[in-house]
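Remarks on the structure that follows.
The values are calculated or read from the model by the stated rules, or taken from the named source; none is laboratory data. Bear in mind the structure is a predicted one, so any value in this text is a computation, not a measurement. Please note: Cβ atoms are built from the backbone with ideal geometry, for glycine as well, and neighbour counts cover all protein chains shown.
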Amino acid sequence: MDLNEFITKLDKAGDLVRIRQPLSSRYDISAVLELADKTTGQAVVFERVRGYGTPIAGNLLSRRRRLALALGVKERDLLKEYSKRAKRRIKPRTVSEGPVTQRIVTRNLDILKVVPALTHRERDAGPYFTSAVTIAKDPESGATGMGIYRIQIRGRNKVSLNFQNPPLTHFLRNAETLRRELEVAVVVGIDPLSFIASVFPSPPGTDRFEIAGGLRGKPVELVGCKTIDVKVPAHAEFVLEGKVLPGVRVSEGPFGESWGTYRSGSNPIAKVIAIMSRERPIYHALLPFSGEETTLMGLSLEAALIGSLRAAHPGVISVASDRFNRSNLIVQMKKRSDDEPCEVLRRVLSAAHIVKTAVVVDDDIDPEDPYSVGFAISTRFQPNRGALVLDGLSATSLDPSATVGKTGTVTSKLGIDATRPLSAPKREFEMVRISEELKAKAKTFERYLKR
């Protein structure tokens, strides 16, 4: 299922809205994406983009129900099925051509005449690629690596790349040691499961196309680029082929990043030498600091943590990311002792650098319902016995309140035990509810309540 097929599937499911009014790629489309994300949650296709013949699709994976649709499972089975499939490895298959090779531009390149990249926030320095998967080969080992990095478009045929994490940081270092250019492919509009795999936490040397194959249940088809020695998904929408100039750094930003603040940097620059695309491509837009980023990061984090947590604490039922606070994690469990939630909190806060706060709730609390979690904190949490503060733990570099030291970025973290004491009567802590029968009856009126 490529990107176009996924969009068709969303359309049939009634989870996509099409906007036919002409809108600008500078601010307009981002504003509508943010509105949709904070209201109906639907995916959006902008059919008429000013200055372009290419439509733009956004908010594609901003809700877990759409991740489940991509995997072909019910939403309640999403984490279990995702965790199971992510352990499989199916090697990619090389093909001679694919839809992405239908159009190739190598002369008179002008990126923004071909690709409708968005300018997202009011202080952004210009248009950025935010959903692009950058693929490169290690010049020493020949290993392939990929990642999603912010990429600023700088004029007709140049981009700056915010390489912050391995393996591409290592690849660039190796290339610069050899005084060679690093060949990179910037891929926009890959199939949803390959996109999910591109952010899956994995050890060094892991081929994420093999993870994508496991999620898909069949190999990802790859095709060779035309001007560089890199293979890319044959069913992508756009591919920019380029070479990173060794030893060159340029000032970049500001850019409204994932954590909601503006960031700048000194980043390597690449010269784009070819653009491949479909005959009629669609541009995948990803709005930074949105539900789509939170949903993608949350699922990968939950899958990475759930196994080790259950091994040490069999009473752990589920792990859920807070959709409104991406640095918060909620753990649902049936505790064996009153001390166990703090042990779980210590483990979670130490294991995940992007988690700054965590909450443990009982098995009668839905960790994905913010009202239930809020109820648990307001009625079962006592700070003098249930608060856990840990200092000097690894943090994301995007948190401006964190401290940068010799060992990296560190922060203090907060854990909240919002479970009832085992010795206390359950009825005193019971949350008011409406019966499942009456919920089902009320659901028949849902069509009257939609915007």
Subject >> Residues (buried (at least 19 other Cβ atoms within 10 Å of the Cβ) and β-branched (Val, Ile, Thr)) located in the stretch 159-217 >> reply: Val159, Val184, Val186, Val187, Val188, Ile190, Ile196, Ile211
Subject >> Single match in Phe209, Phe255 (criterion: in contact with a strand residue (DSSP E or B) (Cβ under 9 Å, 6 or more places away or on another chain), over 30 Å from Ser83 (Cα atoms) and in contact (Cβ under 8 Å) with a residue 60 or more places away in the chain) >> reply: Phe255
Subject >> Within the stretch 363-383, considering residues that are closer than 14 Å to Pro341 by Cα and aliphatic (A, V, I, L, M), the one surrounded by the fewest Cβ atoms within 10 Å (Cβ to Cβ) >> reply: Ile377
**OP:** State whether the residues of the stretch 347-363 include one that is among the small types (Gly, Ala, Ser), at pLDDT below 95 and assigned by TED's automatic domain parsing to the domain that holds Arg427.
**Re:** yes
**OP:** Return a yes/no flag: does the stretch 162-180 have any residue that is at negative phi, assigned to a strand (DSSP E or B) and not charged (D, E, K, R).
**Re:** no
Original post:
Could you count how many residues in the stretch 416-430 are outside any helix (DSSP H, G or I) and among the acidic types (Asp, Glu)?
Top reply: 2
Original post:
How many residues does the stretch 251-277 hold that are in contact with a Lys or Arg (Cβ under 7 Å, 6 or more places away or on another chain) and surrounded by fewer than 17 Cβ atoms within 10 Å (Cβ to Cβ)?
Top reply: 4
Subject >> Scope the stretch 46-62; condition assigned to a loop (DSSP other than H, G, I, E, B), of a type in the set (Gly, Ala, Ser) and at pLDDT 95 or above; matching residues >> reply: Gly51, Gly53
Original post:
Filtering the stretch 231-250 down to residues that are crowded, with 22+ Cβ neighbours inside 10 Å and β-branched (Val, Ile, Thr), which residue is farthest from Val105 (Cα to Cα)?
Top reply: Val244
**OP:** Starting from the stretch 68-79, keep only residues that are free of Cβ contacts under 8 Å to residues at least 24 places away in the same chain and closer than 18 Å to Ala320 by Cα, then list their pairs with residues that are aliphatic (A, V, I, L, M) and crowded, with 20+ Cβ neighbours inside 10 Å whose Cβ atoms are within a distance under 6 Å, requiring at least 6 positions of separation or different chains.
**Re:** Ala68/Leu78
Original post:
In the stretch 333-377, how many are among the hydroxyl-bearing types (Ser, Thr, Tyr) and assigned to a loop (DSSP other than H, G, I, E, B)?
Top reply: 1
Original post:
Among (1) of a type in the set (Ser, Thr, Tyr); (2) touching a helix residue (DSSP H, G or I) at 6+ places or on another chain (Cβ under 7 Å); (3) modelled with pLDDT of 95 or more, which single condition is Thr94 missing?
Top reply: (2)
**OP:** Would you check if Leu79 is in contact with a Phe, Trp or Tyr (Cβ under 9 Å, 6 or more places away or on another chain), of a type in the set (A, V, I, L, M, F, W, C) and either buried (at least 18 other Cβ atoms within 10 Å of the Cβ) or not assigned by TED's automatic domain parsing to the domain that holds Ile196 (or both)?
**Re:** no
Original post:
In the stretch 386-400, how many are farther than 27 Å from Arg263 by Cα and not small (Gly, Ala, Ser)?
Top reply: 2
Original post:
Going by the structure shown, is Gly386 buried (at least 16 other Cβ atoms within 10 Å of the Cβ), modelled with pLDDT of 90 or more and of a type outside the set (Ser, Thr, Tyr)?
Top reply: yes
Subject >> Every residue from the stretch 12-27 that is free of Cβ contacts under 8 Å to residues at least 60 places away in the same chain and closer than 17 Å to Asp37 by Cα >> reply: Gly14, Asp15, Leu16, Val17, Arg18, Ile19
Original post:
Quick one: in the stretch 278-322, which of the residues that are closer than 30 Å to Ser372 by Cα and among the hydroxyl-bearing types (Ser, Thr, Tyr) is surrounded by the fewest Cβ atoms within 10 Å (Cβ to Cβ)?
Top reply: Ser308
